[in-house]
Amino acid sequence: MTLGSEPADRLARANQLRELGESARRRDGATARRCYEEAVTLFRAVDEPLALAHAVRHLGDVYVEEGCPDLAEPCYLEALQLYRSHSVGPSPNLANAIRSLAVLRWEQSRALWEEARDLYARFSIEPGIQESSARVSALSGPLATS
């Protein structure tokens, strides 16, 4: 399919790329990333904020799957902003975007507490070890099985 200059052509291509990205996620993360990145660019060009929000959230998920949480967080924040400013109300897509950001930040927080605990242990600072261990334990609760 050749990318036309008409918005309808770009929208059709963006939707096609999003679908390709969704199917590629199961087998090829790099292809999924490229599809979603191009779809995001096209959705921006045709001013489709809710389709953009959906694609950019999935791009964030792909970044997480590839071990790039620093690239994922801005995607999740953008998706949340788009859903909140363009939706007529709460939606499952908004809930999914909130969940993705919460899981990402939970993982980041847990890694930071583990690092702090290891450093406190290295210097035998018992109050720091105890607090950090308690925080890691608390963070290993319900989300750990997601």
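The values are calculated or read from the model by the stated rules, or taken from the named source; none is laboratory data. Remember, predicted model here, so these are calculated numbers, not experimental data. Here Cβ is always computed from backbone atoms with ideal geometry, including for glycine, and neighbour counts include all displayed protein chains.
Residue count for segment 107-146 satisfying the condition of being exposed (fewer than 12 other Cβ atoms within 10 Å of the Cβ) and either in contact with a strand residue (DSSP E or B) (Cβ under 9 Å, 6 or more places away or on another chain) or at pLDDT 95 or above (or both): 7. Among the residues of this structure, Tyr63 does not count as one that is in contact with a Gly (Cβ under 9 Å, 6 or more places away or on another chain) and closer than 19 Å to Arg99 by Cβ. Among the conditions (1) in a helix (DSSP H, G or I); (2) out of contact with any helix residue (DSSP H, G or I) (no Cβ under 6 Å at 6 or more places or on another chain); (3) not β-branched (Val, Ile, Thr), Ser124 misses just one, which is (1). From the list Glu48, Glu37, Glu78, the one residue that fits, being of a type outside the set (Phe, Trp, Tyr) and modelled with pLDDT under 95, is Glu48. Taking segment 61-90 as the search range and keeping residues that are outside any helix (DSSP H, G or I) and touching a helix residue (DSSP H, G or I) at 6+ places or on another chain (Cβ under 7 Å), which one is farthest from Arg26 (Cα to Cα)? If we take residues in segment 61-90 being outside any helix (DSSP H, G or I) and touching a helix residue (DSSP H, G or I) at 6+ places or on another chain (Cβ under 7 Å), then Ser87 is farthest from Arg26 (Cα to Cα).
Residue by residue through segment 1-42, note down the ones that are within 18 Å of the chain's Cα centre (by Cα) and not in a helix (DSSP H, G or I). Arg25, Arg26, Asp28, listed by residue number.
Results for (1) buried (at least 19 other Cβ atoms within 10 Å of the Cβ); (2) more than 21 Å from Ala12 (Cβ to Cβ); (3) within 17 Å of the chain's Cα centre (by Cα), shown as yes or no for each residue.
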site	(1), (2), (3)
Arg44	no, no, no
His58	yes, no, yes
Pro74	no, yes, yes
Leu77	no, yes, yes
Arg84	no, yes, yes
Gly89	no, yes, no
Pro92	no, yes, yes
Ser100	yes, yes, yes
Arg105	no, yes, yes
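Of all residues in segment 26-36, none are of a type outside the set (Ser, Thr, Tyr), in contact with a Phe, Trp or Tyr (Cβ under 9 Å, 6 or more places away or on another chain) and in contact (Cβ under 8 Å) with a residue 40 or more places away in the chain. Tell me, yes or no, whether segment 73-86 has at least one residue that is in contact with a Pro (Cβ under 9 Å, 6 or more places away or on another chain), over 30 Å from Arg135 (Cβ atoms) and among the polar types (S, T, N, Q). Yes, segment 73-86 contains a residue that is in contact with a Pro (Cβ under 9 Å, 6 or more places away or on another chain), over 30 Å from Arg135 (Cβ atoms) and among the polar types (S, T, N, Q). With the requirement that a residue be farther than 26 Å from Leu71 by Cα and touching a Ser or Thr at 6+ places or on another chain (Cβ under 8 Å), what does segment 119-140 give you? The answer is Tyr120, and nothing else.
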